[in-house]
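Working notes, structure below.
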Amino acid sequence: MSRKKREYQSSELVNSFARIYGFEDKLKAFEIKDFLEDYLSSDLFSEIEMVNLKEKVLVLRIKSPLLKNDFRMRKSFFLKKFQEVLKDESLINDLLIL
């Protein structure tokens, strides 16, 4: 007779609740936001207002026109980077910069 697993890591519990209550996309958006915080300088990161993942489209709302243009020009590069961060290419199909 096998025993049930009683001890969980906190990340396992969070992922389990996210799956149950349907906010897995929000957790993935937080992972991307954390990556951007490490990748960009603090001044550039402060220009990013919102990161959201809806229906496999990553939406970034950026205040700075220069940073917004940079993301648009390097869209495929950033899309590939975000797919690498999430370790699953099927989670993001497109990148929308607002």
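Values computed for the structure shown
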quantity	calculated
Residues of the stretch 50-82 classified as farther than 20 Å from Phe23 by Cβ and not β-branched (Val, Ile, Thr), total	19
Any pair with Cβ under 7 angstrom, 6 or more apart, that starts in the stretch 80-91 at a residue that is in contact (Cβ under 8 Å) with a residue 24 or more places away in the chain and ends at one that is surrounded by 12 or more Cβ atoms within 10 Å (Cβ to Cβ) and in a helix (DSSP H, G or I)	Phe82/Ile32; Val85/Glu31; Val85/Ile32; Val85/Phe35; Leu86/Lys28; Leu86/Glu31; Leu91/Lys28
Options Ala18, Ala29; residue that is surrounded by 14 or more Cβ atoms within 10 Å (Cβ to Cβ) and either in a strand (DSSP E or B) or at pLDDT below 90 (or both)	Ala18
From Lys68, Lys63, Lys56, residue being surrounded by 10 or more Cβ atoms within 10 Å (Cβ to Cβ), of a type outside the set (A, V, I, L, M, F, W, C), more than 12 Å from Leu98 (Cα to Cα) and touching a strand residue (DSSP E or B) at 6+ places or on another chain (Cβ under 8 Å)	Lys56
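The values are calculated or read from the model by the stated rules, or taken from the named source; none is laboratory data. Treat the numbers as computed from the prediction; the structure is a model and nothing was measured. No Cβ is skipped: glycine too gets one built from the backbone with ideal geometry, and neighbour counts run over all protein chains shown.
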